Amino acid sequence: MPEQRSGRVVTPYEGSGHREWDDTAEIPAPLALHSTKVRPEWVDYNGHMSESCYLLVFGDGADAFFRFIGIDEQYREAGHSLYTVETHLHNRREVAEGEPIRLHLWVLDQDAKRVHLFQEMYHGDGALLATAEQLLVHVDMTQGKSCPLPERLRHRLQKIQRAHELLARPEVLGRPMGIRRG
């Protein structure tokens, strides 16, 4: 099970604050902000990481990204956050307890209220394990509805998106789910 405090799920970055933004720093493409090892409680009866835990790890990667751009506990306490509204997972390979995994993340698109992310999960040996395409929306939690991102975050997202435009678009982006016939 994921770590819990006060009956809620806690990411590995909880309480760590956010990174100071350096507007002159080069933006890596893609970002490599999260790595971990498969925890025993993530392993299912098939002897490998359970499907729900892939999403958990991608969520931890998103939290690392939030802190990279300046979203942390103080930001949430002020009544704002990014919420995931859609996720598409593609599992490629299984991974077992204790094995190393690392994530790559890039910003595909963004506008005043939304952020379109793509993450890849790799084994320590370089094999692609899974991908996650995510659409996030900026929320005013006190009003319970979407709202524009502050200009400082928009500026950071735009800068990251420009750096990530050099990356090839993943072939699985926006792919519908279904059984192919014919």
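Every number here is computed from the coordinates shown, using simple stated rules; none is lab data. Since the model is a prediction, treat every value here as computed from it, not as a measurement. Positions of Cβ are backbone-derived with ideal geometry, glycine not excepted, and every protein chain shown enters the neighbour counts.
In the list Gly47, Gly59, Gly17, Gly98, which residue meets the criterion of being closer than 24 Å to Ala130 by Cβ and within 18 Å of the chain's Cα centre (by Cα)? If you could, list the steps in order and put the result at the bottom.
On the way: Gly47 fails: within 18 Å of the chain's Cα centre (by Cα); Gly17 fails: closer than 24 Å to Ala130 by Cβ; Gly98 fails: within 18 Å of the chain's Cα centre (by Cα).
It is Gly59.
Within segment 21-55, the residues that satisfy the criterion of being closer than 29 Å to His164 by Cβ and assigned to a loop (DSSP other than H, G, I, E, B) are Trp21, Asp22, Asp23, Thr24, Ala25, Glu26, Ile27, Pro28, Ala29, Pro30, Val38. Would you please name the residue that is farthest from the chain's Cα centre (by Cα), looking only at residues in segment 118-143 that are closer than 12 Å to Leu82 by Cα and either buried (at least 20 other Cβ atoms within 10 Å of the Cβ) or not acidic (Asp, Glu) (or both)? Among those that are closer than 12 Å to Leu82 by Cα and either buried (at least 20 other Cβ atoms within 10 Å of the Cβ) or not acidic (Asp, Glu) (or both), it is Met141.
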